[in-house]
Amino acid sequence: MKFIKNVSFEKWKINHPPDHDAKLYRELYPFHVFERIDFDELIIGREQKIEFNRIYYNVTINNIELQERGTYNTTFEMSTTPQSKTQSWKNRGWNLQFQIIYTKDDQFVTIFTKKDDPSKDYVKKFMNGNFQKLTNNRSLPLSEFLFRTLLLHLSEGNYPNGKHDILFPYNEIGERQITEHPQFKREKLDFAPIFSIERELWICYSFSEEKAHRLAFILANQCKSLIVVYCNPTYTNHQRCKHEGVDILSLYEYADRISNEIRKRYEGQIRFLQNHLNSQQIYDIEELKREIENPNNVIYEIKKSDLMEAISVMKIIPKDNLDLFYSLVSVNLINAFLSKQRKNKALNKKEKNLFQNMYSFKSYISDVLTTYISKNDSSIPIYIKDDLVIIEMLGYQFSFHNIPMNDILKKYELSAHNKEIIWSGKKLQPIAPLLLYYSRALRQKTPDLIKE
């Protein structure tokens, strides 16, 4: 039997320049499987069945060739046979021909696919908003890969002097003095942010908001400024890192921080990631309008992916009327979800208390209204009376109770601009998902469509 030594992504990085354009793709390779392949010339053409993490990898060596420079170039085929849908999601599927280069003393040099790496095609389709092939090959590793790819693309465009995947040794003293959190002890390990500018700025990522805060507690003192970007918000109670110089941002917020145009360009990609690479339904504006006016259902299901989108969007201060409508339908959806939870007798007291944390949306809508009123733009009617706020937009009336009041909102309530809006009687919470989809459809058109 003949096994290649030191087959790992870490070794691949050592053997290649830091800016190698294939680094993102190689990180996805199953190196733990490669190191288990028998490269004995006596078994060329014979299938090997390798089990790793309960996944079966079928490997066949096609040929082994000694090159003039003294290294071996070996071609092999590898395919996978998942045993369940869960395995298919947690592990990327393979059906490719690889080439691996190694020395005469069996030391690993490099590995690549015989033809173009399909990951490159995945990235192209993802960035262009063509999701169908990605849905057909969906898996958690692919989802995380696309998340990292989008984050890196956004970061490189915004910080041209930054670098990808630079390993920083653990700094015992720290770049700044920050009290260690008792629940999240600092790991005295070297760390490589996905993007960095020396120790001035680190950009890291975590798929969930809760884990993003945990990572921030651990890394906060290792750089002067830290941004941790997450994909999926956590709407139950968890520890939040509030250290100065630390920002925990959703992908929506991070893209919006770069520019409003960038966020709008990649909202489809972000939703696709939040929905675990499941296909996204395309809605027709006119059909949606008709169903909103004459609903087919008494109440519409609020999908988890829609809720995550709404929670992310509500934190962003609108830049224009297109954004404002998006914020209103998002908050309306959150309000509808919480109303349903309050009526759910199956929830225990602890679960109900956890959902109470989502009522922070009222402070966000307060910030949205404050910003809008401060612009002295009266094109969108807003009515404030005691604990009631009504905003009228595109023929829909969004009403909220107990919004936190500040000096600007109180002053507006007493001003001549605060004209009474008589409620039409149409409840928007039962059709909250339809309004969210309608807002999405509008955002794919020109902003002029949403002007009053």
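The values are calculated or read from the model by the stated rules, or taken from the named source; none is laboratory data. Please read all numbers here as calculations on a predicted model, not as lab measurements. Methodologically, a virtual Cβ is constructed for each residue, glycine included, from the backbone with ideal geometry; neighbour enumeration extends over all protein chains shown. The protein model used for the area step is the full one, side chains on, heavy atoms only, and it has no ligands, DNA or RNA in it. Shrake-Rupley method; radii C 1.70, N 1.55, O 1.52, S 1.80 Å.
Please go through the stretch 162-191 and pick out each residue that is in a loop (DSSP other than H, G, I, E, B) and of a type in the set (D, E, K, R).
Step one: list which residues in the stretch 162-191 are in a loop (DSSP other than H, G, I, E, B), which gives 162, 165-167, 169-190.
Scanning the stretch 162-191 gives ASP165, GLU172, GLU175, ARG176, GLU180, LYS185, ARG186, GLU187, LYS188, ASP190.
Residues are listed down the side, and each one gets a yes or a no for (1) surrounded by fewer than 15 Cβ atoms within 10 Å (Cβ to Cβ); (2) of a type outside the set (Gly, Ala, Ser):
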residue	(1), (2)
ASP247	no, yes
LEU251	no, yes
ARG265	yes, yes
GLN274	no, yes
ASP284	yes, yes
ARG290	yes, yes
VAL298	yes, yes
SER305	no, no
LEU322	no, yes
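Identify, from the list ILE64, ILE4, ILE37, ILE44, the residue that is modelled with pLDDT of 95 or more, farther than 29 Å from LYS124 by Cα and open to solvent by 40 Å² or more (accessible area, probe 1.4 Å). So that I can check it myself, show each step before the final result.
Numbers: ILE64 fails: open to solvent by 40 Å² or more (accessible area, probe 1.4 Å); ILE4 fails: open to solvent by 40 Å² or more (accessible area, probe 1.4 Å); ILE37 fails: open to solvent by 40 Å² or more (accessible area, probe 1.4 Å).
Matching residue, one of ILE64, ILE4, ILE37, ILE44: ILE44.
For the condition in contact with a Gly (Cβ under 7 Å, 6 or more places away or on another chain) and open to solvent by less than 60 Å² (accessible area, probe 1.4 Å), what is the one hit in PHE184, PHE195?
Working: PHE184 fails: in contact with a Gly (Cβ under 7 Å, 6 or more places away or on another chain).
Criteria check complete, one pass: PHE195.
Looking at the stretch 118-137 only, could you name the residues that are buried (at least 18 other Cβ atoms within 10 Å of the Cβ) and in a loop (DSSP other than H, G, I, E, B)?
PHE131, the sole residue that qualifies.
Under 6 Å between Cβ atoms, which residue pairs at least 6 apart in sequence (or on different chains) link something in the stretch 393-415 that is in a strand (DSSP E or B) with a partner that is buried (at least 18 other Cβ atoms within 10 Å of the Cβ) and of a type outside the set (A, V, I, L, M, F, W, C)?
Matching pairs, first to second residue: PHE398/ASN332.
Kindly check whether there is at least one residue in the stretch 294-303 that is in contact (Cβ under 8 Å) with a residue 40 or more places away in the chain, touching a strand residue (DSSP E or B) at 6+ places or on another chain (Cβ under 9 Å) and aliphatic (A, V, I, L, M).
no
Which pairs turn up if I take residues in the stretch 360-386 that are farther than 28 Å from HIS238 by Cβ and look for partners that are at pLDDT below 85 and not in a helix (DSSP H, G or I) with beta carbon separation below 6 Å, at least 6 apart in sequence or on another chain?
As it stands, the answer is SER379/GLU452, since those pairs meet every condition given.
So LYS115 passes all but one of these: (1) touching a residue at least 60 places away in the same chain (Cβ under 8 Å); (2) of a type in the set (Lys, Arg); (3) not in a helix (DSSP H, G or I). Which condition number does it fail?
In the conditions (1) touching a residue at least 60 places away in the same chain (Cβ under 8 Å); (2) of a type in the set (Lys, Arg); (3) not in a helix (DSSP H, G or I), LYS115 misses (1) alone.
Given the criteria under 20 Å from GLY245 (Cα atoms) and acidic (Asp, Glu), does GLU175 qualify? Let's see the steps before the verdict.
On the way: under 20 Å from GLY245 (Cα atoms): yes; acidic (Asp, Glu): yes.
Yes: the conditions hold for GLU175.
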